[in-house]
Amino acid sequence: VKSPRKALPQNLWKPGQSSNNQVLGIGSGSTIVHAVQRLAERVKEENLTIVCIPTSFQARQLILQNGLTLSDLDRNPELDVAIDGADEVDSELNLIKGGGGCLTQEKIVAGFAKCFIVIADYRKKSDRLGEQWKKGVPIEVIPMAYVPVTKALTKKFGGVVELRMAVNKAGPVVTDNGNFILDWKFDKVHDWHEVNTAIKMIPGVVETGLFIDMAEVVYFGMEDGSVSVREKQPC
């Protein structure tokens, strides 16, 4: 993506309007780095007052490194806008997230925001989930339950489930919440609303990387530097 910063919506945080003094959720991932840098520039240029809620340790460091005001959900339980990336976006704005392991905190922050905006590059744009993202749906689980949850997932929904292993340490990936991540590589198209609810009902599951009916708009940074916009369609 030649100019991912252009994907940042320009109608937010305008001085003199109610969009100033906002509480913003800041997501994780490489694309969000550009959005936060641009946000920091506008805060300085336009003397905006905003407060940022991170979705992960990485997002927390990004907020601090860019000189933005850090807060948390204890002090700011209601957010105006959450901005995050995605591993894949389908035609109905359903998302797969959690490739970086922060899915639970990302979903909490997005879920308590009045508006959830996604910024991604063109490689994340699909008609159906699974077209571009081949690593499966991340599912955060309590460590003691990962084996029975694995068996329950394959029994109920088919496909293959793998415990995500760390790269630079021995053993599995451990989330910011102290849990494990299973990657469910599904083998067919599902009703994602039903599947997401059913997976969350399995004892030991903390959260899924299926973000269903949450995003309001997705900005894709295209290969030529342009921006493609996919918005939620009215019912």
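Which of these, V33, V217, V109, has the largest mean-square fluctuation under a Gaussian network model of the chain (Cα springs below 10 Å)?
Of V33, V217, V109, the Gaussian network model singles out V217 as fluctuating most.
Just to check I understand the Karplus step: with θ = phi - 60° and J = 6.51 cos²θ - 1.76 cosθ + 1.60, what whole-Hz values come out for region 65-76, glycine and proline as x?
So the Karplus estimates, Gly and Pro as x, are 4, 9, x, 8, 7, 8, 9, 8, 6, 5, 8, 9 Hz.
Regarding region 115-235, what are the three Cα extents along the principal axes, ordered largest first, in Å?
45, 38, 27
When the helices in the chain are scored as -39500 (n - 2.57) per DSSP H run of 4 or longer and the sum is shared across all residues, what 222 nm value do you end up with, to the nearest 500 deg cm²/dmol?
Working: 5 runs with 56 residues, N = 235.
Calculated mean residue ellipticity at 222 nm is -7500 deg cm²/dmol.
Return one number: the angle in degrees, 0 to 90 and rounded to the nearest 10, between the long axis of the Cα atoms of helix 146-157 and the longest principal axis of the Cα atoms of the chain.
90 degrees
Placing +1 at every Lys and Arg Cβ and -1 at every Asp and Glu Cβ, with all other atoms neutral, what dipole size does the chain have around its Cα centre, in debye to the nearest 20? Present the calculation step by step, with values, prior to reporting the outcome.
On the way: 28 positive and 29 negative charges, 83 e Å.
Result for the chain is approximately 400 debye, rounded to the nearest 20.
With each pseudo-label sitting 7 Å past Cα toward Cβ, what's the T49-V147 distance in nm, one decimal?
Reported label-point gap for T49 and V147 is 5.6 nm.
Looking at the P(r) of the chain, how many percent of alpha-carbon pairs lie beyond 28 Å?
Of all Cα-Cα distances in the chain, 31 percent exceed 28 Å.
Going by accessible area, probe 1.4 Å, with all protein chains left in place, what is the ranking of D87, D176, largest first? Write down the numbers at each step before the final one.
On the way: D87 25, D176 90 Å².
Final ranking, largest accessible area leading: D176, D87.
Could you work out which residue, out of E162, E88, E45, moves most in a Gaussian network model of the chain, that is, has the largest mean-square fluctuation with Cα springs under 10 Å?
E45
Taking the full set of protein chains and a 1.4 angstrom probe, give the accessible area of V160 in square angstrom, rounded to the nearest 10.
80 Å²
Largest first, how would C52, C115 line up by accessible area (1.4 Å probe)?
Working: C52 0, C115 35 Å².
Sorted by accessible area, descending: C115, C52.
Where only protein heavy atoms count, and the probe is 1.4 Å, what is the accessible area per residue for the chain in Å²? Mind dumping the intermediate values first?
Details: 11610 Å² over 235 residues.
Accessible area per residue: 49 Å².
How large is ³J(HN,Hα) for each residue in region 55-64, as worked out from phi by the Karplus curve 6.51 cos²θ - 1.76 cosθ + 1.60 (θ = phi - 60°), to whole Hz, x for Gly and Pro?
Taking θ as phi minus 60°, the curve returns 9, 6, 4, 4, 5, 4, 5, 5, 4, 5 Hz for region 55-64.
What number, in percent, do you get for the relative contact order of the chain if the mean sequence gap of Cα pairs under 8 Å and at least 6 apart is divided by its residue count? Walk me through the intermediate numbers first.
Numbers: 505 pairs, mean separation 54.1, N = 235.
Relative contact order, the chain: 23 percent.
Would you please give the residues with an amide H less than 5 Å from that of V137, counting only those at least 5 places away or on a separate chain, with H modeled from the backbone geometry?
W184, K185, F186
Taking H placed 1.01 Å from N in the peptide plane, check which residues at least 5 places from E207 or on another chain put their amide H under 5 Å from its amide H.
HN-HN under 5 Å from E207: E140.
The values are calculated or read from the model by the stated rules, or taken from the named source; none is laboratory data. Since the structure is predicted, the reported quantities are computational estimates derived from the model, not experimental observations. We place every Cβ from the backbone using ideal geometry, glycine too, and count neighbours over all the protein chains shown. The area values use the complete protein model at the heavy-atom level, side chains included, leaving out ligands, DNA and RNA. Shrake-Rupley method; radii C 1.70, N 1.55, O 1.52, S 1.80 Å.
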